[in-house]
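Chemist: One structure follows; several queries about it will come next.
The values are calculated or read from the model by the stated rules, or taken from the named source; none is laboratory data. Just so it is clear, the structure is predicted and the values come from calculations on it, not from any experiment. Virtual Cβ from ideal backbone geometry, glycine too; neighbours counted across all protein chains shown. SASA here: full protein model, heavy atoms, side chains in, ligands and nucleic acids out. Shrake-Rupley method; radii C 1.70, N 1.55, O 1.52, S 1.80 Å.
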Amino acid sequence: MTERRLALHAICPYFAMFPESFVREQVEAYSRRGDWVFDPFCGRGTTVLESLLAGRHAAGSDVNPVAYCVSRAKVERPTLNGVKLRIERLHEAYERAPQERLERDRSDLPPFFRRAFYPTTLCELVFLRSSLNWRGERTDRFIAALVIGSLHGEMDRSSAYFSNQMPRTICLKPDYSVRYWRDNGLFPRKRKVFDMLIQKAEHRLDNLPKCPSGKVRMADARHVSGRFKELRRKVALVVTSPPYLNVTRYEEDQWLRLWFLGGEPRPTYGHVSKDDRHEGTKGYWQFLKESWSGLAPLLAARAKIVVRLGAIGLDDSEMTHGLTASMKAVFSNLRTIRRPTRSEIVGRQSRNFLPKSRGCLFEMDYAFSA
């Protein structure tokens, strides 16, 4: 019988995410119950949450606020009753808010927003954006994660998303999106955000297996030893997937979610990180070398490091050589403990929206002992 997938894992679709089954295999193979597992590029938090479910202690970091919000929401879970009560009170506050102010806040946004969202849906989203203290409050952070996980998606396949037709893992640029909608005669449908959030909270939090909380902090991988001083020499296993070489810019692709979390209402570049997308191998391998250096003080003796990596423009051997060299420059006793494996990437969602796009065709998995 197929094991039922934990609904909390899918709270927010994310580009270049690895499946929870991959993490589970590594955790079971290379760690024991009670060990610390760490991910310095934690993305949507799969490594941290799956490790906690497997009886390990777990922590992670990411420089992107979207990743930080989603990951921390998943590993510091509020109660379902607390989330529902907070959503109900937010809804009541929205109903009391002056209609003129809501309309003004909506109309002040660029034209993209008025074609992306139904008018009342956009008013509700703008209100939530200004009302949620997602950085400071556990319950608000979980609600924010629910929102950004539903902020955009495929309207023709599901009524679970708030937006006009878009990919669910990335948000395309405003001008392209508006042209796409106009050319295809697409208009947003009315969504009742507060009602939907109640349903989503019930789906994600009901009947969760019990497990301890984890640690997630917003930090550059190169500086994690300073942000997690309490974990120095304690981490037994690292399971991670750094940004792929020349594949995507997370800040650009996640711009709409970043807007909801307080960012600009347009794509930005370099505000979050200048290492989202390295196009040249020299800078990329240097970035990874610096990241391993930042991680090194956290590792226990004979710690294991599992890395999933992808790239555009490199073959298997070039990728293997570059990654291994970047790690050997930091870990003098590095040894390979499993033969590198290759898996093909199929069914990229962006092909439906950008048919001529050229993406990453395969990934490589590596396992080392440091």
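Chemist: Which net charge results when you count Lys and Arg as +1 and Asp and Glu as -1 among the other residues whose beta-carbon is under 9 Å from that of ARG217? If you can, show how the numbers build up before the last one.
Modeler: Working: positive: ARG72, LYS215, ARG227; negative: ASP62.
Summing Lys/Arg as +1 and Asp/Glu as -1 gives +2.
Chemist: Within 10 Å of each candidate Cβ there may be at most 12 other Cβ atoms; applying that plus a DSSP loop requirement, which GluC sites (Glu not before Pro) in segment 185-288 survive?
Modeler: GLU279
Chemist: Summing +1 for each Lys or Arg and -1 for each Asp or Glu, what net charge is found among the other residues whose Cβ lies under 15 Å from the Cβ of ARG233? Could the numbers behind the result be given before it?
Modeler: Working: positive: LYS229, ARG232, LYS234, ARG302, LYS304; negative: ASP35, GLU230.
Here the count lands on +3.
Chemist: Amide H to amide H under 5 Å from VAL216: which residues, 5+ apart in sequence or cross-chain, H placed 1.01 Å off N in plane?
Modeler: Those lying under 5 Å, H to H, from VAL216 are GLY60.
Chemist: In whole Hz, with x marking every Gly and Pro, tabulate ³J(HN,Hα) for segment 328-333 from phi via Karplus 6.51 cos²θ - 1.76 cosθ + 1.60, θ = phi - 60°.
Modeler: Those phi angles translate into 5, 5, 10, 10, 5, 9 Hz.
Chemist: Oh, and also: How much of the accessible area of the chain, probe 1.4 Å, is carbon plus sulfur, in whole percent?
Modeler: Values: 7770 of 16780 Å².
So the carbon and sulfur contribution to the accessible surface is 46 percent.
Chemist: Rolling a 1.4 Å sphere over the protein heavy atoms, what is the accessible area per residue of the chain, to the nearest Å²?
Modeler: Details: 16780 Å² over 370 residues.
Averaged over the residues of the chain, the accessible area is 45 Å².
Chemist: Right, next: If the limit is 18 Å between Cα atoms, which of LYS173/LYS282; LYS84/LYS190; LYS282/LYS328; LYS74/LYS215; LYS74/LYS173 go over it?
Modeler: Working: LYS173/LYS282 29 Å; LYS84/LYS190 22 Å; LYS282/LYS328 16 Å; LYS74/LYS215 10 Å; LYS74/LYS173 28 Å.
As for pairs spanning more than 18 Å Cα to Cα, those are LYS173/LYS282; LYS84/LYS190; LYS74/LYS173.
Chemist: Right, next: Kirkwood Rh over alpha-carbon pairs of the chain, then Stokes-Einstein at 10 °C and 1.306 mPa s: what D in µm² s⁻¹, rounded to an integer?
Modeler: Numbers: Rh = 21.4 Å.
The Stokes-Einstein estimate is 74 µm²/s.
Chemist: Right, something else. For n ≥ 4 DSSP H runs only, could you compute -39500 (n - 2.57) per run for the chain, divide by its residues and tell me the 222 nm figure to the nearest 500?
Modeler: -12000 deg cm²/dmol
Chemist: Taking segment 1-95, which GluC sites (Glu not before Pro) meet the DSSP loop condition and have no more than 12 other C-beta atoms within 10 Å? Kindly include the intermediate steps, with their values, before the conclusion.
Modeler: Working: sites: GLU3, GLU20, GLU25, GLU28, GLU50, GLU76, GLU88, GLU92, GLU95; in loops: GLU3, GLU76.
Passing sites in segment 1-95 are GLU3.
Chemist: Additional query: Once you wrap a convex hull around the alpha carbon atoms of segment 160-287, what is its projected area averaged over all directions, in nm²?
Modeler: Details: hull surface 47.0 nm².
For segment 160-287, averaging the hull's shadow over all directions gives 11.8 nm².
Chemist: Need one value: the accessible area of VAL126 in square angstrom, 1.4 angstrom probe, rounded to the nearest 10.
Modeler: So the heavy atoms of VAL126 present about 20 Å² to solvent.
Chemist: Need one number: % antiparallel among DSSP beta bridges in the chain, to the nearest 5.
Modeler: Numbers: 14 of 32 bridges.
Taking every DSSP beta bridge within the chain, about 45 percent pair in antiparallel fashion.
Chemist: Right, next: Based on the Cβ-Cβ distance of LEU208 and LEU186, what FRET efficiency does E = 1/(1 + (r/R0)^6) give at R0 = 51 Å, to the nearest 0.05? Display every interim value, and only then the final one.
Modeler: Values: r = 36 Å, r/R0 = 0.71.
Working from the Cβ atoms, E equals 0.90.
Chemist: Step through the residues of segment 312-320 one at a time and calculate ³J(HN,Hα) from phi using the Karplus curve (6.51 cos²θ - 1.76 cosθ + 1.60, θ = phi - 60°), rounding each to whole Hz and writing x for Gly and Pro.
Modeler: For segment 312-320, the Karplus curve yields 9, x, 10, 8, 4, 5, 5, 5, 4 Hz.
Chemist: Next question. Convert each backbone phi in segment 51-59 into a coupling constant with the Karplus relation 6.51 cos²θ - 1.76 cosθ + 1.60 (shift: θ = phi - 60°), then list the ³J(HN,Hα) values in order as whole Hz, x for Gly and Pro.
Modeler: Going residue by residue, I get 5, 4, 5, 8, x, 9, 7, 8, 8 Hz, with x marking Gly and Pro.
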